[in-house]
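K.L.:
Got a structure here, written out as structure tokens. Questions coming.
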Amino acid sequence: GIQVEQSPPDLILQEGANSTLRCNFSDSVNNLQWFHQNPWGQLINLFYIPSGTKQNGRLSATTVATERYSLLYISSSQTTDSGVYFCAVEGLTGGGNKLTFGTGTQLKVEL
Amino acid sequence: DTGVSQNPRHKITKRGQNVTFRCDPISEHNRLYWYRQTLGQGPEFLTYFQNEAQLEKSRLLSDRFSAERPKGSFSTLEIQRTEQGDSAMYLCASSMDSSNTEAFFGQGTRLTVV
């Protein structure tokens, strides 16, 4: 099945700093989503972005489908950004109809 | 739109007991998914329904696990003869059956088997 790798696994930032999270995937995708998992375990949708670039406030994401990677940018980070960020993909062939998740990036934003 | 709803939020059970979880998807979504997440890992796919039909099951879904989606609305996931290794967060998601298959997740049911 499709493989998803996220980097870095852990990240510590000072409040106000910017960061880039990366997601590499091993095959063509029909769907790519970025999630933020809050301390209570709920997955919050950040972006549905199988290709192209989107922005939502301090967050933006870019997926280059032909090169099989996606980037999540967090600008002017705040303590409330802390948590685990997951990239998940739905493969175009032989693995469709479900999301395969990476192992996540654990982000901690300090004052 | 109230989002995906899961009940209960937490369940503590003794080893060997049966447990059942419920998921109510977003009303217009005809795809429903179950995932399991253990500590420090990303969610892993368990099974997928399109309307009432269960179309795919993961090898993770042992014969002690069964899922149903009668009438294509809510779904239940039952675990029989629970084991300590079943302790995990069980997540439900739903999506449209269209070119946009963005999935939305519920708050999860955290199962602890003692």
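Readers should treat all values here as calculations from the given coordinates under stated rules, not as data from a laboratory. All values reported here derive from a predicted model rather than from experimental measurement. When we count neighbours, we look across all protein chains shown, and the Cβ atoms used for this are built from the backbone with ideal geometry, even at glycine.
K.L.:
For the residues B:Met89, B:Met96, what sequence is obtained by ranking on other C-beta atoms within 10 Å, fewest first?
P.N.:
Values: B:Met89 20, B:Met96 15.
Sorted ascending by nearby Cβ count, the order is B:Met96, B:Met89.
K.L.:
Once you charge only the Cβ atoms, +1 for Lys and Arg and -1 for Asp and Glu, what is the size of the charge dipole of chain B about its Cα centre, to the nearest 20 debye?
P.N.:
Roughly 560 debye, rounded to the nearest 20.
K.L.:
Right, something else. Need one value for B:101-109: mean number of C-beta atoms belonging to other chains within 10 Å of its residues' C-beta atoms. The partial results should precede the final answer.
P.N.:
Working: counts 10, 8, 10, 5, 9, 2, 5, 5, 1.
Going residue by residue through B:101-109 and averaging, the value is 6.
K.L.:
On average, how many beta carbons from a partner chain sit within 10 Å of the beta carbon of a residue in A:40-49? Mind dumping the intermediate values first?
P.N.:
Details: counts 4, 9, 9, 13, 2, 4, 0, 1, 6, 1.
The per-residue average across the peptide is 5.
K.L.:
In addition: Evaluate the relative contact order of chain A (contact order divided by residue number), counting alpha-carbon pairs under 8 angstrom at least 6 apart; express in whole percent.
P.N.:
38
K.L.:
Using only the alpha-carbon atoms of chain A as identical scatterers, what base-10 log of I(q)/I(0) does the Debye formula give at q = 0.16 Å⁻¹?
P.N.:
The computed values of log10 I(q)/I(0) come out as -0.66.
K.L.:
Within the stretch B:2-16, what residues put their amide N at less than 20 Å from the label point 7 Å along the Cα-to-Cβ vector of B:Glu83?
P.N.:
B:12-16
K.L.:
Relative contact order, percent, of the stretch B:1-110 when contacts are C-alpha pairs under 8 Å separated by at least 6 residues?
P.N.:
This gives 36 percent for the stretch B:1-110.
K.L.:
What list do you get for B:His10, A:His36, B:His29 if you sort them by fewest beta carbons within 10 Å?
P.N.:
Working: B:His10 10, A:His36 20, B:His29 17.
Result, fewest neighbours first: B:His10, B:His29, A:His36.
K.L.:
In µm²/s, what is D for the stretch B:1-81 at 4 °C and 1.567 mPa s, where D = kT/(6 pi eta Rh) by Stokes-Einstein and Rh is the Kirkwood radius from Cα pairs?
P.N.:
96
K.L.:
By how many nm would the segment from A:Asn38 to A:Lys54 grow when fully extended, if each residue of separation counts as 0.36 nm and the alpha-carbon distance is taken off?
P.N.:
3.6 nm
K.L.:
May I pose another question? Of A:Lys98/B:Lys71; B:Lys11/B:Lys71; B:Lys11/B:Lys57; A:Lys54/A:Lys108; A:Lys54/B:Lys11, which ones are farther than 30 Å apart at the Cα?
P.N.:
As for pairs spanning more than 30 Å Cα to Cα, those are A:Lys54/B:Lys11.
K.L.:
Note down the net charge around A:Gly16, summing +1 for each Lys or Arg and -1 for each Asp or Glu among other residues with Cβ under 12 Å from its Cβ.
P.N.:
So the surrounding residues net to -2.
K.L.:
What does the convex hull of the alpha-carbon atoms of the protein assembly as shown project to on average, in nm²?
P.N.:
Result: 12.2 nm².
K.L.:
Taking the Cα centre of the stretch A:4-110 as origin, sum charge times position over the Cβ atoms of Lys and Arg (+1) and Asp and Glu (-1), and report the length of that vector in debye to the nearest 20. The partial results should precede the final answer.
P.N.:
Details: 6 positive and 8 negative charges, 37 e Å.
I would put it at about 180 debye.
K.L.:
What net charge is computed for the residues neighbouring B:Pro8, neighbours being all others with C-beta under 14 Å from the C-beta of B:Pro8, Lys and Arg scored +1, Asp and Glu -1?
P.N.:
Summing Lys/Arg as +1 and Asp/Glu as -1 gives +2.
K.L.:
Within 15 Å, Cβ to Cβ, of A:Thr100, how many net charges do the neighbouring residues add up to if Lys/Arg are +1 and Asp/Glu are -1?
P.N.:
Details: positive: A:Arg68, A:Lys98, B:Arg36, B:Arg59; negative: A:Glu5, A:Asp27, A:Glu90, B:Glu44, B:Glu56.
Computed value for this residue: -1.
K.L.:
If you keep only loop residues by DSSP, which trypsin sites (Lys or Arg not before Pro) in the stretch A:15-111 have at most 15 other Cβ atoms within 10 Å of their Cβ?
P.N.:
A:Arg58
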